[in-house]
Amino acid sequence: MITPCSGFAFIIEDAEDFSNLEAMGLEMPEDAKKGVGSTGVILSVSNERQGLFQRIRHWLFADRILSTYKAGQHVIFDKFIFSSIYFRDKDGNEIKRLGSIPTDCILGRICE
């Protein structure tokens, strides 16, 4: 597992065919298919965006200001900022469509 630096997340981008979104009932307009934004699954996220301390902080102070994220969440992100990373797992297999993005550039969560 790779751990991102503070304020970043590693995301595995969904396939470009958008069929999985259409199966969930989301319709992608043609403009969205041109690379403006994309969807993916969070592989890992920096510690300040997850965990018990962050949940307590949200509960006490600013749930609407501070976003929490966790591995496995399906998100929409700004593809322009997304930086592709070529990384192999411990078995030597390349993790396809992996990239790094600041958590501020995660635009929303997809609730399934």
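The values are calculated or read from the model by the stated rules, or taken from the named source; none is laboratory data. Quick caveat: nothing in here was measured; it's all calculated off a predicted structure. We place every Cβ from the backbone using ideal geometry, glycine too, and count neighbours over all the protein chains shown.
Just one of the listed residues (16, 112) is touching a His at 6+ places or on another chain (Cβ under 8 Å), assigned to a loop (DSSP other than H, G, I, E, B) and at pLDDT below 75, and it is 112. Just for segment 85-109: of the residues that are surrounded by 10 or more Cβ atoms within 10 Å (Cβ to Cβ) and among the polar types (S, T, N, Q), which one is modelled with the lowest pLDDT? Residue satisfying both the conditions and the ranking: 103. What are the pairs with Cβ atoms under 6 angstrom where one residue, in segment 71-93, is at negative phi and the other, located anywhere, is basic (Lys, Arg)? Sequence gap at least six, or different chains. Once the first residue is at negative phi and sits in segment 71-93, its partners that are basic (Lys, Arg) give 73/109; 75/109.
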